[in-house]
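I have placed the structure first, in the form of structure tokens, so that the comments after it can refer back to it.
The values are calculated or read from the model by the stated rules, or taken from the named source; none is laboratory data. A quick note: this is a predicted structure, and the numbers were derived from the prediction, not measured. Positions of Cβ are backbone-derived with ideal geometry, glycine not excepted, and every protein chain shown enters the neighbour counts. Heavy atoms of the whole protein, side chains included, go into the accessibility calculation; ligands, DNA and RNA do not. Shrake-Rupley method; radii C 1.70, N 1.55, O 1.52, S 1.80 Å.
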Amino acid sequence: MIFFSGVAASSRSRTLFINRNRNQSFHFYPMTSIKVKLRASNSADSTGTVYYQVIHERKVRHLATPYTLLRSEWNERRSAPGVSADSGRNRTLSWYRECISRDVERIRRIIRDLEARTLVFTADDIIDEFKLFRLTYSVGSYTRSLIDLMHRHEKKRTAETYMCALRSFMKFRNNCDLTLDALSAEIVESYEAALRKRGNTPNTTSFYMRILRAVYNRAVDEGAIEDERPFRHVYTGVEKTVKRALPLPLIRKMKHLDLSANPATEYARDMFLMSFYLRGMSFIDMAFLRKKDLADGRIVYRRRKTGQTLHIGWTPEMQSLIDKYSESGSEYLLPILAGDVADKRKAYRNAAYRINRHLKKVGARLGLKIPLTMYCARHSWASAAKTKGIPLGVISEGMGHDSETTTRIYLASLESSVVDKANSIILNSL
């Protein structure tokens with residue numbers, strides 16, 4: 001028999017004893033008890049549902065759980081999941097035991113909190129508090145609350161990555177949500193294994209793990225859950241990716257490809273070249289460049305990813321593409337966000353998808369073994385600068401390949417003319 005004792009912070013000022021017996025009955029003397037029970041199916045081949053019976057001041061309330069068991073998998077004497085004849089089920093039953101123990105501990109905490117906060121509470125109050133926790137601090141609900149907060153703070157890109165990670169995790173869970181404190185190391189490791197089985201690279205699995213860990217840690221910081229370190233055995237680092245840069249001879253060959261028979265592919269090639277001309281500018285920054293950002297022979301823009309302001313000298317190569325795709329009625333410099341669209345971020349994503357799809361055709365014409373995407377333009381400019389012997393301080397080692405912080409430090413400390421000179425050296429090689 002295990003006893004826990006303490007003093008309730010209420011006017012009753014009585015000692016609180018908790019008795020856990022072998023039947024999984026948790027007693028809060030003098031008036032509260034919790035029992036774990038199985039509502040078994042009438043059929044031996046069908047599963048029943050575990051539920052909690054909460055008795056407070058002689059009022060009985062039941063709380064359903066998502067844990068389903070066959071009658072043969074239930075240990076009646078211990079009022080807990082036992083073992084299964086199917087060895088594959090035993091890991092699930094073990095996890096159920098952990099979850100049930102955690103749920104009961106959560107109910108115990110709720111009762112202690114209610115004792116401390118109020119003189120009078122009911123069994124319904126206990127049940128409602130538990131349901132509120134399960135609703136608020138499930139992986140799905142809590143992540144969506146953080147996403148809403150990001151939208152309010154205008155962190156739309158971060159919100160999109162969190163939603164992408166949440167969809168991935170819920171797909172793994174078959175849309176079955178669970179509370180954050182039930183996110184065990186075993187579940188996290190199984191999720192990582194499932195991602196790898198789908199063919200995801202270590203960097204992709206790490207991306208999902210880091211976001212899920214950030215959500216978990218946020219709940220820990222709020223004091224909602226205890227830190228059980230469920231991510232300690234999964235990879236959350238960043239590996240150097242396969243080289244995506246195109247050498248200058250291939251960029252030159254791409255520039256002179258005759259793609260006039262397929263305007264969509266030609267347009268995709270030209271947007272790739274424009275990114276290269278603009279020192280590897282990211283596609284989202286290109287999409288939102290405005291005509292007013294070009295003045296006095298320079299483009300001045302703020303990077304959406306880091307917030308830093310960059311200055312780029314305007315060149316004849318850039319002007320030739322602007323002349324080719326000029327749109328007098330648009331406020332944007334490049335023809336990416338065409339028309340008066342309400343959801344510009346959605347329009348940008350659709351444009352990126354279409355361009356990358358056509359760039360794969362360009363890559364096939366060039367005989368590339370890797371998929372050609374807009375992101376390759378950024379790597380290609382950095383690689384070309386390095387090949388030309390331009391100091392690493394100028395190009396900041398691939399413009400963020402290893403450390404975005406270092407990239408910002410390098411670029412912020414350079415005169416724009418130095419970087420423009422580097423760009424001229426590269427463009428003159430075409």
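Things worth noting here:
- To the nearest ten degrees, helix 344-366 and the longest principal axis of the Cα atoms of the chain are 60 degrees apart.
- Normalised by residue count, the stretch 84-180 yields a Cα convex hull volume of 125 Å³ per residue.
- Degrees, to the nearest 10: 375-387 long Cα axis against longest axis of the chain: 60 degrees
- Helical content alone sets the calculated 222 nm signal of the chain at -16000 deg cm²/dmol, taking -39,500 (n - 2.57) per DSSP H segment of four or more residues and averaging over every residue.
- Lys421 accessible area, assembled protein chains, probe 1.4 Å, Å²: 140 Å²
- Dipole magnitude for the stretch 173-286: computed about the Cα centre from +1 point charges on Lys and Arg Cβ and -1 point charges on Asp and Glu Cβ, it is near 880 debye.
- The solvent-accessible area of Lys171, taken with every protein chain present and a 1.4 Å probe, is close to 140 Å².
- Calculated FRET value between Thr201 and Arg304, using beta carbons and R₀ = 30 Å, to 0.05: 0.75
- Pairs with C-alpha atoms separated by more than 32 Å, drawn from the list Lys37/Lys197; Lys131/Lys156; Lys155/Lys388, are Lys37/Lys197; Lys155/Lys388.
- When exposed loop sites are taken as GluC sites (Glu not before Pro) in a DSSP loop with at most 11 other Cβ atoms within 10 Å, the longest stretch of the chain clear of them is 58-153.
- Placing a pseudo-label 7 Å from each Cα along the Cα-to-Cβ vector at Arg252 and Thr236 gives an inter-label distance of 4.8 nm.
- For the chain, the longest principal axis of the Cα atoms and the long axis of helix 416-427 meet at an angle of about 70 degrees.
- 27 Å Cα cut-off, lysine pairs counted over the stretch 298-372 (separation 8 or more, or different chains): 13
- Normalised contact order of the chain, rounded percent, pairs of Cα under 8 Å and 6 or more residues apart: 9 percent
- Positive-pole candidate from Ser138, Ala165, Ile187, dipole of the stretch 130-275, charges at beta carbon: Ala165
- Hydrodynamic radius (Kirkwood) for the chain, which is based on Cα pairs only, to one decimal in Å: 26.3 Å
- C-alpha center-to-center spacing [the stretch 31-51, the stretch 77-136] in angstrom: 13 Å
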